[in-house]
Amino acid sequence: MNIFTKRNKIEDLSHRKTRVPLLHITRMLHSFAQRFATTGPLSELQHRSQDLADDTGNLSDAAWGSQAGFGNIAQGAPTFSLPAVPDPTSFLRLYTDDQADPSCRIKIQHGTTTLAFRYQGGVIVAVDSRATAGSYIGRYLSLAESTVMRAHLDTASGTVKKVIEINPYLLGTMAGTAADCMYWETYLGIHCRLHELREGQRISVAAASKYLSNLVFSYKGMGLSMGTMICGWDKTGPSIFYVDADGTRLQGDLFSVGSGSTFAYGVLDQGFHAGLSDEEAYDLARRSIYAAGHRDAYSGNSCNLYHIKENGWVHVGTYDLSELHFEGPHDQPGRKGYAYDIRVQGHSSSDRSTVEGRGSQNYQ
């Protein structure tokens, strides 16, 4: 058969409607799954982990999955297996609990400042950008430095993004261990999307926070370190929920989490009320993060500010705390730095009259 005849035959076949029975497709997929489960890197990892086998000599998926990091993926159902030790809680306490063993060399320290509050215009979320490694703190550089200097700043963990954008209407904050917060809140985002596809509508803020609370509660006492706020806008309006690693779940109008939260609360309690305008809310959030960064060594560098509205969240801006101290917000020319307001004028509000005139207002 010459090349022209062969080409004509291929063209004739291309016009035919080929129907493959569903049973045949199912058998093909099943065969592929069986080969994938018994060959390749997953099977190799199973054979290398015989020391984790039980008394019968069989190695469970949980045992080798926790070591390999794959879990039960071969069967299409991802699992989050426990560490390959008899008692993970006791193991963690033995090597990281300073109270149980003062000579323990592993000392876990955390530091950050995050805050969120609800007012008549929606929800304001503000965080700093400094991450620490034990007692090591990323050195400070201006956000206006060159690209090379900014690369060093990123390495020193000075521009960490502590707001997880779960979906266009839902935000989560990070306090505690960065890996725990990023992993579980990203995992939460996956299930929020699955809920939207399955139900045909967005998940509520209450349901999302409840799912995260139930999820981390199942790992209680196993070393998770999380203090997060799930903030968003749904059919019921703006909402804020606090969720920590023990599964605690609280709803409120104002929260601040992290080592600098004490200093942030001092500013928030003075200036917060439900009738704030958008600009007043932005300024209050910036000043709160500034106060925490000014007094807390484990907080600082810059302030990331978000505003959650009825049509979704928006990133208001990133503000260098050093510039706020000396010059004030970059998007408000002519303003003096926050240090001038506090030390010279003796107050922390951009308008003293508004502070004196809202003593009769109630929190909502």
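Contact map, region 280-298: first residue in contact (Cβ under 8 Å) with a residue 40 or more places away in the chain and more than 17 Å from VAL257 (Cβ to Cβ), second residue among the basic types (Lys, Arg) and surrounded by fewer than 22 Cβ atoms within 10 Å (Cβ to Cβ), Cβ cut-off under 9 Å, separation 6 or more or different chains; the map is empty.
For region 229-269, a residue qualifies if it is hydroxyl-bearing (Ser, Thr, Tyr) and in contact with a helix residue (DSSP H, G or I) (Cβ under 6 Å, 6 or more places away or on another chain), and the qualifying residues are SER239, SER256. The C-beta contact set for region 308-327 (first residue on the phi < 0 side of the Ramachandran plot and aromatic (Phe, Trp, Tyr), second residue assigned to a helix (DSSP H, G or I) and surrounded by 14 or more Cβ atoms within 10 Å (Cβ to Cβ), distance under 6 angstrom, 6+ apart or interchain) comprises TYR319/ARG286.
The residue pairs whose first member lies in region 179-197 and is in contact (Cβ under 8 Å) with a residue 60 or more places away in the chain, whose second member is crowded, with 17+ Cβ neighbours inside 10 Å and not small (Gly, Ala, Ser), and whose beta carbons are closer than 7 Å, counting only pairs six or more residues apart or on different chains, are ASP180/LEU224; ASP180/MET226. Restricted to region 166-204, and to residues that are touching a Gly at 6+ places or on another chain (Cβ under 7 Å) and in a strand (DSSP E or B), which residue is nearest to LYS235 (Cα to Cα)? That would be LEU170.
Output yes when any residue across region 219-233 is β-branched (Val, Ile, Thr) and touching a Phe, Trp or Tyr at 6+ places or on another chain (Cβ under 9 Å), and no when none is. Checked against the condition, which is being β-branched (Val, Ile, Thr) and touching a Phe, Trp or Tyr at 6+ places or on another chain (Cβ under 9 Å), region 219-233 yields at least one hit. Please work out which residue is farthest from GLY247 (Cα to Cα), limiting yourself to region 191-207 and to residues that are surrounded by 17 or more Cβ atoms within 10 Å (Cβ to Cβ) and over 18 Å from the mean Cα position of the chain (by Cα). Looking at residues that are surrounded by 17 or more Cβ atoms within 10 Å (Cβ to Cβ) and over 18 Å from the mean Cα position of the chain (by Cα), I get ARG202.
Taking each residue of region 211-228 that is in a loop (DSSP other than H, G, I, E, B) and at pLDDT below 90 and looking for partners that are among the polar types (S, T, N, Q) and surrounded by fewer than 16 Cβ atoms within 10 Å (Cβ to Cβ) with beta-carbon atoms closer than 7 Å, six or more apart or interchain, yields GLY221/THR89; MET222/THR89. Candidates are the residues of region 208-260 that are hydrophobic (A, V, I, L, M, F, W, C) and farther than 19 Å from THR113 by Cα; the one that is farthest from the chain's Cα centre (by Cα) is MET222.
Taking (1) of a type outside the set (Val, Ile, Thr); (2) modelled with pLDDT under 90; (3) over 20 Å from THR114 (Cβ atoms); (4) part of a helix (DSSP H, G or I) in turn, LEU141 satisfies each apart from (4). Among the residues of region 307-337, just one is under 18 Å from LEU276 (Cβ atoms), buried (at least 17 other Cβ atoms within 10 Å of the Cβ) and at pLDDT below 85, namely PRO329.
The values are calculated or read from the model by the stated rules, or taken from the named source; none is laboratory data. These figures come from a predicted structure and were not determined experimentally. Every residue, glycine as well, gets a Cβ built from its backbone with ideal geometry; the counts of neighbours run over all protein chains shown.
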